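Engineer: Below is the structure I would like to discuss, written out as C-alpha cells.
The values are calculated or read from the model by the stated rules, or taken from the named source; none is laboratory data. Everything numeric in this text was worked out from a predicted model, so none of it was measured. Don't worry about glycine lacking a Cβ; one is built from the backbone with ideal geometry, like all the others, and counts go over all protein chains shown.
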Amino acid sequence: MSGSLLDRVRERLAAESGPLRPTAVAAAIRAESGGLLGDAEVLDNLRLLQTELTGAGPLDPLLAAPGTTDILVTGPDAVWVDDGDGLRRTDIRFSSDDAVRRLAQRLALAAGRRLDEAQPWVDATLNRLGDNGFTVRLHAVLPPVSAGGTCLSLRVLRPATQDLPTLTASGAIAADAASVLTDIIDTRLAFVVSGGTGAGKTTLLAACLGAVSAGERIVCVEDAAELEPDHPHLVKLVARPPNVEGEGEVTVRDLVRQALRMRPDRIVVGEVRGAEVVDLLAALNTGHDGGTGTVHANSPAEVPARLEALAAVGGLDRGALHSQLAAAVQAVVHVARGRDGRRRLVEIAVLRRADTGLVQPITVWRLGHGFDCGAEQLRILIRRRSRL
C-alpha cells in the first residue's frame, strides 16, 4: 500500500463513528483504491492497517508477553523491553519515525490528550490497552524536543495481587522481615513503602493490604488503578486527568479529601507524588491509624527529604512537615531491585524525632544483616499499640 493510499484510508476511517471492524477497514481500502486491489492485496493491507490502527500496533506482542513492565521506543529501529531481567533490544521495527509518531498520537488521543507541535509531550494513563486489557502509563515526546526522533514509553501497570505468604515463599521477603511486617499491620502502625522506579513498591503494598483484618474498611486513592489486594472491603478512588479542553480534572489531592468522608478505617495513597502528602499526613493525624502509601526514594534515609519537597508544593514548610510526619507515620518499608533483576524487601526502619525536631529513620532490619538498633524502638511501639 502506497503512503498516499494509506493516508486516504486513515482519513476515511477517522470519520467512522463506530468501532474499526475488519469489514469497515476492508471497505475503506477498496473504496480508496478505486477497486483496483484484489482480495489477497486487500487482506495484506487489512493486516497492515489493523496493526497500525488498533491496540499498541507493532508493540502488541511485547505488551501481551508475560512479565513485560516497560516498552521503550527511541527510534524506528530501536525498540527496547524490560521483562524482569533489565532492558534488552528487540527485533521489532517501525517503517519510519512518522509511524512511531502516529502510534504515539493515536494512543494520546485514546487517553483524551493531545500530542502535536503545540503540545509536544504527553503523560497519560490508558485503560484496557491490548488484548489482555492492561492499564498502561503512556509518555511520549515529539521532535524537535526529542532531537533524535519520537520517543515513546509504555509502562505496564499489572494488577498487584500477590499476598505476603507468596512473596515470602518466592524470596522477595525474608521470613524474619515478614513477621515484622505482620506486626506493623496488625497493630495499625502507619507506614510508607519506599523504593525506586520499578522496585516493586505497589506489589508489596498490595500484599500488605491483603493482610489487613477483613473487618476493616480500606479506602484507596490512586493516580492509576494498580492495587488489587485480596480484601473484602476495599474502596478504590482513581484520579482523572483533564480532557483535551483542559476540563474535568480530578486530582489525587481531591480524592484524599473525599476519602476522609467515606468512613475509612485505613486511608491508602497508591503513590504519594505531590501536594496530596499534606492532606494524607493531616488525615493520619486525625485518628486514621494504619494508613499507608508509596513514595519514590533511594533509601529510607532519603524519605524525609523527599516528603519535604512534596510538602513544599502543598504549602507546608520543613518544620511543619516534620511535626506532622513524626506524629503520623511510624515506619518505612524499603524495596529495591538487585543486579539480578529481582525485587526484594531490603530494609525496614522506624521513624524517630531527633532533638533538632527533624525526623530520622532508624534501621530496624536490613537484608543480609538482620536486626539493627531500631528494632527495640519498634518493639516498644508495637507493645504500646497492642495494649490499645
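Engineer: If you take the residues of region 124-150 that are in a loop (DSSP other than H, G, I, E, B) and modelled with pLDDT under 80, which of them is surrounded by the most Cβ atoms within 10 Å (Cβ to Cβ)?
Structural biologist: For region 124-150, the residue satisfying everything is G130.
Engineer: Same structure again: For region 367-378, does any single residue satisfy the condition of being surrounded by fewer than 17 Cβ atoms within 10 Å (Cβ to Cβ) and assigned to a strand (DSSP E or B)?
Structural biologist: Taking every residue of region 367-378 in turn, at least one turns out to be surrounded by fewer than 17 Cβ atoms within 10 Å (Cβ to Cβ) and assigned to a strand (DSSP E or B).
Engineer: Just name the residue that is nearest to D254 (Cα to Cα) out of those in region 185-226 that are out of contact with any helix residue (DSSP H, G or I) (no Cβ under 7 Å at 6 or more places or on another chain) and among the β-branched types (V, I, T).
Structural biologist: Filtering region 185-226 for residues that are out of contact with any helix residue (DSSP H, G or I) (no Cβ under 7 Å at 6 or more places or on another chain) and among the β-branched types (V, I, T), the one nearest to D254 (Cα to Cα) comes out as T202.
Engineer: Let me ask something additional. So in region 283-301, with the set limited to residues that are of a type in the set (G, A, S) and part of a helix (DSSP H, G or I), which one is surrounded by the fewest Cβ atoms within 10 Å (Cβ to Cβ)? Spell out the reasoning first.
Structural biologist: So in region 283-301, the residues of a type in the set (G, A, S) come out as 283, 287, 290-291, 293, 297, 299, 301.
Now narrow it down to the ones that are part of a helix (DSSP H, G or I): 283, 301.
Working: A283: 21, A301: 17.
Per the criteria, the residue is A301.
Engineer: Could you check region 59-83 and list, in sequence order, the residues that are touching a residue at least 24 places away in the same chain (Cβ under 8 Å) and either outside any strand (DSSP E or B) or more than 19 Å from T150 (Cβ to Cβ) (or both)?
Structural biologist: Taking region 59-83 first, the residues touching a residue at least 24 places away in the same chain (Cβ under 8 Å) are 59-64, 68-76, 82.
Passing the criteria: L59, D60, P61, L62, L63, A64, T68, T69, P76, D82.
Engineer: Filter region 85-118 down to residues that are over 23 Å from the mean Cα position of the chain (by Cα) and more than 16 Å from G75 (Cβ to Cβ) and give me whichever is surrounded by the fewest Cβ atoms within 10 Å (Cβ to Cβ).
Structural biologist: A118
Engineer: In addition: Please go through region 84-99 and pick out each residue that is out of contact with any Gly (no Cβ under 7 Å at 6 or more places or on another chain) and touching a residue at least 24 places away in the same chain (Cβ under 8 Å).
Structural biologist: T90, I92, R93, F94, A99
Engineer: Out of A206, A199, A172, which single residue is in a loop (DSSP other than H, G, I, E, B), closer than 21 Å to V346 by Cα and modelled with pLDDT of 90 or more?
Structural biologist: A172
Engineer: If L255 satisfies every condition in (1) buried (at least 19 other Cβ atoms within 10 Å of the Cβ); (2) in contact (Cβ under 8 Å) with a residue 40 or more places away in the chain; (3) assigned to a helix (DSSP H, G or I) but one, which is the exception?
Structural biologist: (2)
Engineer: Related question: Is it true that D230 is of a type in the set (D, E, K, R), assigned to a helix (DSSP H, G or I), touching a residue at least 60 places away in the same chain (Cβ under 8 Å) and farther than 18 Å from T294 by Cα?
Structural biologist: no
Engineer: Turning to a different aspect of this structure: Can you find even one residue in region 99-114 that is among the aliphatic types (A, V, I, L, M), within 30 Å of R339 (Cα to Cα) and either modelled with pLDDT under 90 or assigned to a strand (DSSP E or B) (or both)?
Structural biologist: no
Engineer: Please determine whether any residue of region 308-316 is at pLDDT 90 or above, out of contact with any helix residue (DSSP H, G or I) (no Cβ under 9 Å at 6 or more places or on another chain) and within 30 Å of A354 (Cβ to Cβ).
Structural biologist: Checked region 308-316: at least one residue is at pLDDT 90 or above, out of contact with any helix residue (DSSP H, G or I) (no Cβ under 9 Å at 6 or more places or on another chain) and within 30 Å of A354 (Cβ to Cβ).
Engineer: Now a separate question. Just to be sure before I move on: is S95 assigned to a loop (DSSP other than H, G, I, E, B), at pLDDT 85 or above, more than 22 Å from R137 (Cα to Cα) and among the hydroxyl-bearing types (S, T, Y) in the structure I sent?
Structural biologist: Answer is yes for this residue.
Engineer: What residue, among those in region 310-333 that are within 23 Å of the chain's Cα centre (by Cα) and assigned to a loop (DSSP other than H, G, I, E, B), is farthest from T294 (Cα to Cα)?
Structural biologist: Residue satisfying both the conditions and the ranking: G314.
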